[in-house]
Amino acid sequence: MIISNSNLTGRIPKLELKLKQGSYIDLSSNKLEGPIPSCLLQAGALILSDNKFSNLVSFLCNKNSPNILGIFNISNNQLKGELPDCWSSLTSLIYVDMSNNKLSGNIPFSMGTLVNMEVLILRNNSLSGQLTSSLKNCSNKLAFLDLGENMFHGQIPSWIGDSLQQLVILSLRFNNFYGNIPLSVCYLRKLRVLDLSQNSLSGGIPTCIKNFTSMVQNFVNSTASMEHRYSPRSGTYSTAYVFNLFLMWKGVYRPFKKADVFLKSIDLSCNHLTGKIPTEIEYLFGLTSLNLSRNNLSGEIVSNIGNLNSLNFLDLSRNHLSGRIPSSLTQIDGLGMLDLSNNELYGKIPIGTHLQTFGASSFEGNPYLCGEPLGRKCPGEDPPKHQVPTTDDAGDENSVFLEALYMSMGIGFFTGFVGLVGSVLFIPSWKERYSRLLNTLIMKAITWWKE
């Protein structure tokens, strides 16, 4: 029965109805409110998202109705108060989504009895306290755990990695977790999305992240191989459900459908992590998104980061990274977003097929970084400020040569003339010969004139 988007209002009548066991009931995207009738526990899949329901206790804790509920989605409602502690009677549940409500308090211990649960989404509530250790009992099937945008605190428990080794998606973003990232998280070999952003985590990034086997593979699994289906015990139908995740992507918080199919992502941004980026990260060939921004990371960017040729989103901004930008970064042809701003990088931005297509904002805040697209010339690229063009140099050389030639000719003529006159005036034999020559020339001139 599907009556979604039908503009239904008011309360669902409290009737003692006997539904066909395992029914699929979708009342989503209406304006329904009040208590949820206990008869709906007979459904196999119950979709009540995007309504105005405010109370769960009378529904979930009713032990008089048969319970074969497998899929329960009551996201985007007005649920408030603490989660009821009566989950032990709901062991058929495999999919629970109570995100975007006003729930508070701790996760009840009895939720750990849901040993068949594959998906638990409690995102965007006001839940607090430390994570209950009873959830480690969900080790057989739990693949999607989203506890983001709450007020959980304490250290990330090591039992997550020790016990929940079927996890494909783990999101603990935007909470109050502190301390080191537990090494046991590296046991999650099936993990495809790890989001621990916006907490108060410290210490270094574990070098064992290369154990994330699913992130090492650089191909996307087909939709069929990752399809999730639920069939109630009555066997009357089968319905598929998908892993829908909210993730910060290129600066925008947005939903991703089938996140376990199309995403391979690590987001550790907005923490207090220190130390170097582990070189082991270069083995995660399948990563599509890596966000380590807004931490206290130091050292150089991994030289072989170009091995991550599936990357579409890379943000290392607002750290203390130093050294040159690795030239291997130019090998990632599909890189759609890059941010290396506000670090201590230096040298010339590598020239590649597309690095220069990013805006200057991707590199600004690194005072010793130069090249395009910053528009900042690198040392040695500018010509000398007072360099004279080559043609002018040749002209000047010719001018100096002619000036020297004329000066030497003048000095030579003057020297010869002075020498000749001095010889005639001061040497007697030269003076007598000069007088005779002068008289002869005068007599010849007179004779010529008379004739």
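Every number in this text was worked out from the coordinates using simple rules, so none of it is lab data. As the structure is a computational prediction, the values presented were derived from the model and not from experiment. We place every Cβ from the backbone using ideal geometry, glycine too, and count neighbours over all the protein chains shown.
Using Stokes-Einstein with the Kirkwood hydrodynamic radius over Cα pairs, what translational diffusion coefficient do you get for the stretch 99-176 at 4 °C and a viscosity of 1.567 mPa s, in µm²/s rounded to a whole number?
Details: Rh = 12.4 Å.
After rounding, the answer is 105 µm²/s.
Compute the normalised compactness of the stretch 261-384: alpha-carbon radius of gyration over 2.2 N^0.38 Å, N being the residue count.
Relative to the rule-of-thumb radius for its length, the stretch 261-384 sits at 1.03.
Are there trypsin sites (Lys or Arg not before Pro) in the stretch 39-103 that DSSP puts in a loop and that have at most 13 other Cβ atoms within 10 Å, and which ones?
Details: sites: 52, 63, 80, 102; in loops: 63.
Qualifying residues, ordered by number: 63.
Using only the Cα atoms of the stretch 254-322, each taken as one equal point scatterer with no solvent, compute I(q) by the Debye sum, divide by I(0), and report log10 of the ratio at q = 0.15, 0.18, 0.27, 0.28 Å⁻¹.
-0.49, -0.70, -1.28, -1.32
What are the ³J(HN,Hα) values, in whole Hz, obtained from phi via the Karplus relation 6.51 cos²θ - 1.76 cosθ + 1.60 with θ = phi - 60°, for each residue of the stretch 208-215 in sequence order, with x given for Gly and Pro?
So the Karplus estimates, Gly and Pro as x, are 7, 4, 5, 7, 6, 4, 5, 7 Hz.
Mind jotting down a quarter of the surface of the convex hull over the alpha carbons of the stretch 23-66, in square nanometres, one decimal?
Its average projected convex-hull area is 2.9 nm².
Report the far tail of the P(r) of the stretch 1-101, meaning the percent of Cα-Cα pairs longer than 25 Å.
Beyond 25 Å sits 8 percent of the P(r) for the stretch 1-101.
Using alpha carbon centroids, what distance separates the stretch 69-129 and the stretch 302-347, in Å?
40
Give 210/348; 276/348; 136/257; 190/210; 52/102; 348/377 a once-over and call out the pairs whose C-alpha atoms are over 19 Å from each other.
Where the Cα-Cα span goes over 19 Å, the pairs concerned are 210/348; 276/348; 136/257.
For the stretch 50-142, what is the per residue volume of the convex hull drawn over the alpha-carbon atoms, in cubic angstrom?
Hull volume over Cα atoms, normalised by residue count, gives 83 Å³.
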